[in-house]
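Chemist: My questions all concern the structure below.
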Amino acid sequence: MLDRRACLRYLAGAVPGMRLLAGDLFPSTVADRVDRRYKTPGPRPAGLKATRDGLWILDQATASAYLVHFATGEVKIEIATGTIKPTAIETDEVGLWIAAEDGRKMIRLDFVVDDEGNVKKDQVVRKAEFDVPGAGRVKWRQAAGPPDPIGAQGLAWRRGELYVAVPPAAAIQVLKQDGSTLRTLPAPGICPQGLAWDPDGRLWCADAFSRSFFKLDPATGKIIKQHFLPFATPEVEGKVIIPHGLTIWQRMIYFCSLETGELYRTPLVNRME
């Protein structure tokens, strides 16, 4: 979480209108509201993925992926990922992608298929493991000693390509299924986190430092708009919430907070837009 006064100082000039970043002009907006949904199954939710079956929530403390009911948060499935300090989750046609800090890896977990060809989404088998390109130490974090190396913080899958948000590289890496790099997009902020797809096919990226969500062209990384959380809310014990995991479902942005263990949502489009 971020100190409320520090957040307000940083965002003092960040009012709706035109913003300038890396030489590009783009509109910015502030969310009308943010709704608290419920406590997540684990204490440190790091990744989210919306599916027709429910909401996948990846927890950093338990290293488990939970499939929960969207409305209630009731757990339908729990899967042990076999990782240490996982940070991001994504689904594709046949399994889960998991990013984790143990060795800065991405792990592929395939769902188990029974003899009749039915997918068992409560069982997975580890199929592949790749290094995160660009993993390492971030240059901007202030700490008593050097920061620990980190890897991917957000994942998004589409048409055979895996988009990977990597803060140390200040980039979104676009990879093939075998982990090789197709192209590199510039990260929209200095601390990219969760990734999610807009219904119109554009890519959203959460940025922890600015407490906002950037809408991007997935081919070039060009920023289309920036959508801020309200400057002073949600707030817990004098600290404003920082977004980590991100997903989009039924025109709502869902995000989670590592520090509070809660799920939140905000409309994808403001009422005035």
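Chemist: Within region 105-126, can one find any residue that is touching a helix residue (DSSP H, G or I) at 6+ places or on another chain (Cβ under 6 Å), outside any loop (DSSP other than H, G, I, E, B) and over 23 Å from Thr40 (Cβ atoms)?
Modeler: no
Chemist: Follow-up question, since we're still on this one. Taking region 109-135 as the search range and keeping residues that are within 28 Å of Ala165 (Cβ to Cβ) and β-branched (Val, Ile, Thr), which one is nearest to the chain's Cα centre (by Cα)?
Modeler: Of everything passing the filter in region 109-135, Val132 is nearest to the chain's Cα centre (by Cα).
Chemist: Ok, one more. Consider Pro147 against the criteria (1) touching a residue at least 12 places away in the same chain (Cβ under 8 Å); (2) closer than 24 Å to Ala169 by Cβ: it satisfies all of them except one. Which criterion is unmet?
Modeler: Exception for Pro147: condition (1).
Chemist: Please go through region 57-92 and give me each residue that is part of a strand (DSSP E or B), surrounded by fewer than 23 Cβ atoms within 10 Å (Cβ to Cβ) and in contact (Cβ under 8 Å) with a residue 60 or more places away in the chain, ordered by number.
Modeler: Matches in region 57-92: Thr91 only.
Residues checked against (1) in a strand (DSSP E or B); (2) surrounded by fewer than 18 Cβ atoms within 10 Å (Cβ to Cβ); (3) not small (Gly, Ala, Ser):
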| site | (1), (2), (3) |
| --- | --- |
| Leu185 | yes, no, yes |
| Pro188 | no, no, yes |
| Gly194 | yes, no, no |
| Ala206 | yes, no, no |
| Phe213 | yes, no, yes |
| Pro218 | no, no, yes |
| His244 | no, no, yes |
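Chemist: Let me ask something additional. Mind telling me which of the residues Ala88, Ala80, Ala171 ends up being at pLDDT 90 or above, in contact with a Ser or Thr (Cβ under 6 Å, 6 or more places away or on another chain) and under 29 Å from Lys222 (Cα atoms)? Give the steps one after another, and end with the answer.
Modeler: Details: Ala88 fails: in contact with a Ser or Thr (Cβ under 6 Å, 6 or more places away or on another chain); Ala80 fails: under 29 Å from Lys222 (Cα atoms).
Testing whether each residue is at pLDDT 90 or above, in contact with a Ser or Thr (Cβ under 6 Å, 6 or more places away or on another chain) and under 29 Å from Lys222 (Cα atoms) leaves just Ala171.
Chemist: Taking Arg141 as meeting all but one of (1) touching an Asp or Glu at 6+ places or on another chain (Cβ under 7 Å); (2) at pLDDT below 90, write down the number of the exception.
Modeler: Condition not satisfied by Arg141: (1).
Chemist: Of the numbered conditions (1) modelled with pLDDT under 95; (2) among the charged types (D, E, K, R); (3) crowded, with 21+ Cβ neighbours inside 10 Å, Lys127 satisfies every one except a single condition; which is it?
Modeler: Only one criterion is unmet by Lys127, namely (3).
Chemist: Here is a check on your reading of the model: is Ala14 loosely packed, with under 13 Cβ neighbours inside 10 Å and at pLDDT below 95? Quick ask: steps written out before the conclusion?
Modeler: On the way: loosely packed, with under 13 Cβ neighbours inside 10 Å: no; at pLDDT below 95: yes.
Spelling it out, it is not the case that Ala14 is loosely packed, with under 13 Cβ neighbours inside 10 Å and at pLDDT below 95.
Chemist: Considering only region 33-40, I want to know if a residue exists there that is modelled with pLDDT of 90 or more, polar (S, T, N, Q) and surrounded by fewer than 17 Cβ atoms within 10 Å (Cβ to Cβ).
Modeler: Within region 33-40, none of the residues are modelled with pLDDT of 90 or more, polar (S, T, N, Q) and surrounded by fewer than 17 Cβ atoms within 10 Å (Cβ to Cβ).
Chemist: Looking at region 251-273, which of the residues that are assigned to a loop (DSSP other than H, G, I, E, B) and within 17 Å of Arg202 (Cβ to Cβ) is modelled with the lowest pLDDT?
Modeler: Glu273
Every residue, every condition in (1) without any contact (Cβ under 8 Å) to a residue 24 or more places away in the chain; (2) farther than 20 Å from Leu96 by Cβ; (3) not acidic (Asp, Glu), yes or no:
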{"residue": "Arg126", "(1), (2), (3)": "no, no, yes"}
{"residue": "Val138", "(1), (2), (3)": "no, yes, yes"}
{"residue": "Arg158", "(1), (2), (3)": "no, no, yes"}
{"residue": "Val166", "(1), (2), (3)": "no, no, yes"}
{"residue": "Ala170", "(1), (2), (3)": "yes, yes, yes"}
{"residue": "Gln173", "(1), (2), (3)": "no, no, yes"}
{"residue": "Pro199", "(1), (2), (3)": "no, yes, yes"}
{"residue": "Cys205", "(1), (2), (3)": "no, yes, yes"}
{"residue": "Leu216", "(1), (2), (3)": "no, yes, yes"}
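Chemist: Something else about it: Within region 43-56, which residues are closer than 19 Å to Ala152 by Cβ and assigned to a loop (DSSP other than H, G, I, E, B)?
Modeler: Arg44 - this is the single residue of region 43-56 that is closer than 19 Å to Ala152 by Cβ and assigned to a loop (DSSP other than H, G, I, E, B).
Chemist: Out of everything in region 196-238 that is in contact with an Asp or Glu (Cβ under 8 Å, 6 or more places away or on another chain) and aliphatic (A, V, I, L, M), what residue ends up being nearest to Gly47 (Cα to Cα)? Talk me through it step by step, then tell me what you get.
Modeler: Applying the first criterion (in contact with an Asp or Glu (Cβ under 8 Å, 6 or more places away or on another chain)) to region 196-238 yields 202-204, 213-215, 222-224, 236, 238.
Filter once more, keeping what is aliphatic (A, V, I, L, M): 203, 223-224, 236.
Numbers: Leu203: 16, Ile223: 23, Ile224: 24, Val236: 20 Å.
Among residues in region 196-238 that are in contact with an Asp or Glu (Cβ under 8 Å, 6 or more places away or on another chain) and aliphatic (A, V, I, L, M), the one nearest to Gly47 (Cα to Cα) is Leu203.
The values are calculated or read from the model by the stated rules, or taken from the named source; none is laboratory data. The structure displayed is predicted, hence computed values, not measured ones. Note that we place each Cβ from the backbone using ideal geometry, even for glycine, and neighbour counts take in every protein chain shown.
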